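No lab work stands behind these numbers, since they all come straight from the coordinates. Every value quoted in this text rests on a predicted model; they were computed, and no experiment measured them.
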Amino acid sequence: MDQKWVKTTYGDFGLTVETPVKLAKGDLPVPENVRQLLDKMDAYNYLSAKGFKILITSIRYSPSVGSVSLEGAADGASNEVRGQKGVSDFTVTQESINKNGIAGIVQKGSLKQNGTRVEFLNAILSQGLILWQVWVGYESDDEVGRIAAKRVIDSIEIKSQNQL
């Protein structure tokens, strides 16, 4: 927490986030039937030795989708985590947020993964056909991780698509 954090724009859709380190570009496994609905997807991630984890995804959906459902995205994110191997005792709550006029949802939850208690914050925002997701997880007894997760989520900035 004492080191200088890195403020970086991730992907092509104006998402800027402040994190302890610069995230590496990654890849998310997406089923072929879903991949057909995507115009472009960028994924970035970071995993510390202590289990502090950040995942950032920016997606532009194909116009054939029509519109993006925040509730659908939030439900999908919850189901994705709930369905991972070794996950039990999954709980989640959510509240609406707004960043620079862009509607979103922040989920706060906890789970057990292979016996380890984990908590997470997950911010999902959308505008038009673009969806941004910033997921931060940490072990439940990691107070520094809890503070860092909130700082990451609070740092989210999105340039309006009209500004890009």
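Assorted remarks:
- Cα-based helix-to-principal-axis angle, 143-154 vs the chain, degrees rounded to 10: 10
- Estimated from helical segments only, the mean residue ellipticity of the chain at 222 nm is -5000 deg cm²/dmol, where each DSSP H run of four or more residues counts as -39500 (n - 2.57).
- On Cα atoms only, tilt of 70-82 relative to the major axis of the chain in degrees: 40
- From the coordinates shown, mean projected area of the Cα convex hull in nm² corresponds to which of (i) 12.1; (ii) 10.8; (iii) 9.6: (iii)
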